[in-house]
Every structure is written in structure tokens, then in C-alpha cells.
Amino acid sequence: MSVMAKPNWKNWIAMKWAEVRANKTSYLFLAPFGIFFFIFTVFPVLIAIGLSFTYYNMLEPPVWVGWQNYLRLFLADDVFLIAVKNTFIFAAITGPLSYFLCLIFAWMINELQPKLRAFLTLLFYAPSISGNLFL
């Protein structure tokens, strides 16, 4: 019968730091993306979440109101509830319908003659390809 030893956390942490040091070049290459991602994505989202719990009108400093904004949004705002309902209906219809139509069009194009198929493929993909050409 074997007995499992308790994990030695100091050794585990030391091993992880050794892995980080061994891969420091990779982390240096990833650092610019990570910094920009945090500055332009994570940080604004966190600020927006914080401001959503305040009353803020750009002329006065924010006043903490807690969950009051969300309670008013879900319980008293009829336009928001209609917009949520319409969004779910739109997503439920357009999602499956667009996948089905794409499958049908792909199948129809695949059944055409090779020259016509190549032309239609170019015709469909040209807008997405040419958009990146100018960047």
C-alpha cells in the first residue's frame, strides 16, 4: 500500500518560478499584448462596472447608489425589457437561420461546374479579402 505525501508548497512554487524563468522570452513577447489588452479592454470594463453602481452625470462627482440603477432597469424600465425580449427573439431566429442558409448556399455552390464555382467563391470572399488589403 502506498502512502501519498503531502504536497510541499515551497517546492511547487519554486518549480513554477523556474518554469517562468525558463520561458521569460515568451512572456516578454506576450507582454505588449497583455498590457494593451488590460489598458484598453479589462480596465474600461472594470471602470464601467464600478460606474454602473453610481449616479454620474459628468458635471458632478459620482454618487454611490448601489443596486438602485439595476433595480430601476429591471423593474421599472419597460423599454429595456422590450429590448431584451427583442434581442433574444432576434438571436433565436437569425442564428439558426443564418447557419442553415449558409449550409444551403455552400451546398448549391459546391454542386456547380468548377469554373462557375471558382467565380462565385471569389465573388463571395472578395469583400472580406479586399478589406484587409487596404490595411
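What follows is calculated from the coordinates using simple rules that are stated; it is not laboratory data. Not measured: the values here are computed from a predicted model. In this analysis, Cβ positions are derived from the backbone assuming ideal geometry, glycine residues included, and neighbour counts consider all displayed protein chains.
Things to note:
- Structure-derived Cα extents along the principal axes in Å: which label, when the choices are [x] 43, 29, 27; [y] 67, 56, 49; [z] 58, 27, 22: [y]
- Sorted by Cβ neighbour density within 10 Å, fewest at the top, the residues 75, 51: 75, 51
- With each label modelled as a point 7 angstrom along the Cα→C-beta vector, the residue 72-residue 130 pair spans 4.9 nm.
- MRE, 222 nm, helices only [DSSP H, n ≥ 4, -39500 (n - 2.57), over the chain, to nearest 500]: -24000 deg cm²/dmol
- Counting every pair of alpha carbons in region 11-76, the share spaced more than 16 Å apart comes to 68 percent.
- Rg over Rh [alpha-carbon atoms, Kirkwood Rh] for region 88-135: 1.13
- Using the Cβ of residue 84 as centre and a radius below 14 Å, the other residues enclosed give a net charge of -1, where K and R count +1 and D and E count -1.
- Size of electric dipole in the chain: Cβ of Lys, Arg +1 and of Asp, Glu -1, about Cα centre, debye, nearest 20: 680
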